[in-house]
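**Q** Okay, handing you the structure first.
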Amino acid sequence: MSIWWSLHLRREAASVPLARRLLLGTMETAGVDPDVSYELSVALTEACANAVEHGGTVDRGEGSQAYRVTAYLDGETCRIEVADSGPGFAPAPERRPAAPDAENGRGLRLIEELADHVHFGRTGRGGALVSFDKIIKWRPDAPLAL
């Protein structure tokens, strides 16, 4: 069995915990190990916060007022994608790590640390896309055999 869902969310800070809670609820229901669920939820939170902050400047007519989150739980893998209509990401060599005490700029690095595979790219419409995968560990009492 596979589970997937997709949300269109407003680029508002209140949308970030909504996406996180939906992911955590799905993982708990499916029987995913809580540590894996937590790591994925933190990575999702960072990706959504990025979309909210950098997904376009609506007040100047740039970008969209929404972003999209899609999650796939299939077999032993969970894949999450967050897409917006923002300017995208700087090429990897140009991305500088944030200082340890910086207030901003650590989210992409955190996603890379928490996921098994990460891709920063562009959507078909020119927006930013971050997708990440993680191998799933199951609770011993997992109700669903995915």
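All of the numbers you see were taken from the coordinates with simple rules; none came from a lab. This structure is a prediction, so every number in the text was calculated from the model and none was measured. Counting neighbours? That spans all protein chains shown, and the Cβs are built from the backbone with ideal geometry, glycine included.
**Q** Computed FRET efficiency, Cβ-Cβ of residue 28 and residue 53, R0 35 Å: what is it to the nearest 0.05?
**A** With R0 = 35 Å, the Cβ-Cβ based efficiency is 0.80.
**Q** Find how much the distance from residue 119 to residue 74 grows on full extension, using 0.36 nm per residue of separation minus their present alpha carbon separation; answer in nm with one decimal.
**A** 14.4 nm
**Q** Could you compute the net charge surrounding residue 18? Neighbours are other residues with a C-beta less than 14 Å from the C-beta of residue 18; K and R count +1, D and E count -1. Numbers along the way, then the final one.
**A** Details: positive: 10, 11, 20, 21, 68; negative: 12.
Surrounding charge for residue 18 is +4.
**Q** What ranking do 42-50, 123-131 get when scored by the average of other Cβ atoms within 10 Å per residue, highest first? Spell out each step's value before the answer.
**A** Numbers: 42-50: 22.4, 123-131: 16.8.
Descending mean neighbour count gives 42-50, 123-131.
**Q** Sequence-distant or interchain residues sharing an amide H contact under 5 Å with residue 77, placed H: which?
**A** 136
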